[in-house]
1. Just one of (1) part of a loop (DSSP other than H, G, I, E, B); (2) open to solvent by less than 30 Å² (accessible area, probe 1.4 Å) trips up E110, so point out which.
2. Across the range 157-172, what is the total count of residues that are surrounded by 20 or more Cβ atoms within 10 Å (Cβ to Cβ) and over 14 Å from the mean Cα position of the chain (by Cα)?
3. Considering only the range 152-187, state which residues are of a type in the set (A, V, I, L, M, F, W, C) and under 14 Å from A207 (Cβ atoms).
4. Take the range 62-114 and flag every residue that is over 18 Å from the mean Cα position of the chain (by Cα) and on the phi > 0 side of the Ramachandran plot.
5. Considering L196, L210, which residue is more than 17 Å from the chain's Cα centre (by Cα), in contact (Cβ under 8 Å) with a residue 60 or more places away in the chain and either within 23 Å of R56 (Cβ to Cβ) or not in a strand (DSSP E or B) (or both)?
6. Could you tell me which of the residues A52, A69, A107 is of a type in the set (G, A, S), at pLDDT below 95 and within 15 Å of W189 (Cβ to Cβ)?
7. Name every residue in the range 43-95 that is within 21 Å of T130 (Cα to Cα) and in a loop (DSSP other than H, G, I, E, B), in order of residue number.
8. Pairs under 8 Å by beta carbon, first residue open to solvent by 50 Å² or more (accessible area, probe 1.4 Å) in the range 73-97, partner among the polar types (S, T, N, Q), six or more apart or different chains?
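The values are calculated or read from the model by the stated rules, or taken from the named source; none is laboratory data. Being a predicted model, the structure only gives us computed values, none of them experimental. Neighbour counts are summed over all protein chains in view; Cβ atoms, including those assigned to glycine, are modelled from backbone coordinates with ideal geometry. Just the protein is used for accessible areas: all its heavy atoms, side chains included, with ligands, DNA and RNA removed. Shrake-Rupley method; radii C 1.70, N 1.55, O 1.52, S 1.80 Å.
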Amino acid sequence: MQKVRLLVFGLVAAVACGYVAPSPAKASGDITCGLGPPPGSSDFATFEARQAAEVRRVGYETVCEANLARFDIGSDLRPLAAVVSKLDFQPVDLTGTPFNAFSSIGALAEEVSGVKSRLYRSFRMPDGHTVTLFEDDLSADGLRMYRDPKDEPERINGFPARLVTLQAPNGKAMSIISWVEHQRSYELWLDANVILEKKKPALLALAASLPKSVPARKDVNQ
């Protein structure tokens, strides 16, 4: 069975087959490992407060290198055309966006409840960084999400969004902007600390360049 990554932070997601929750957290000093305790647990508030305090102090979260491993999908990537042809939804067209000038590294599809409703597309940018666009057609797989408004101070084309920047002690980093446009959930990953490298405006602009999505099921409420 293909492993489904749940990468959006600060949400509760329910699927027909059950509830998907983060794994327990472990901490070593100020370095966080794991995705944190599940919402409602006795340690959740303390964990959230500690993370928020660090972000206020330095602008990003310090994590162990293992926390970045879930973003390493390079070995799973396949030729883009072959992957897209087997999807159960129409991914957004990147032709008229800055992505069109990047070098395609490959793509990966995932299933939710037997539906190929998720797509990852990875690209090499001119500056050598890797950027990955993830999209999930919620109308196709029936996934429903709750996203806490207080965690989403950014805006992508008017939709609330959350930016999370993670950095390991060895300097390896990942910045993730996530948002939901009607029935399409997005994440954009950049293998850089956009706070220290002052790339946040560029990442937000890249996210905002995406055209409107077309839901697989148009009968789903928008």
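1. Every listed condition holds for E110 apart from (1).
2. Residues flagged as surrounded by 20 or more Cβ atoms within 10 Å (Cβ to Cβ) and over 14 Å from the mean Cα position of the chain (by Cα) within the range 157-172 amount to 1.
3. Selection gives I156, F159, A161, L163, V164, I176, I177, W179, V180.
4. Of everything in the range 62-114, those that are over 18 Å from the mean Cα position of the chain (by Cα) and on the phi > 0 side of the Ramachandran plot turn out to be S113, G114.
5. Unique residue meeting the criteria: L196.
6. Details: A52 fails: within 15 Å of W189 (Cβ to Cβ); A107 fails: at pLDDT below 95.
Only one candidate qualifies: A69.
7. Scanning the range 43-95 gives Y60, C64, D72, I73, L77, P79, P91, V92, D93, L94, T95.
8. Close Cβ pairs satisfying both conditions: L80/S104; D88/S117; Q90/S213.
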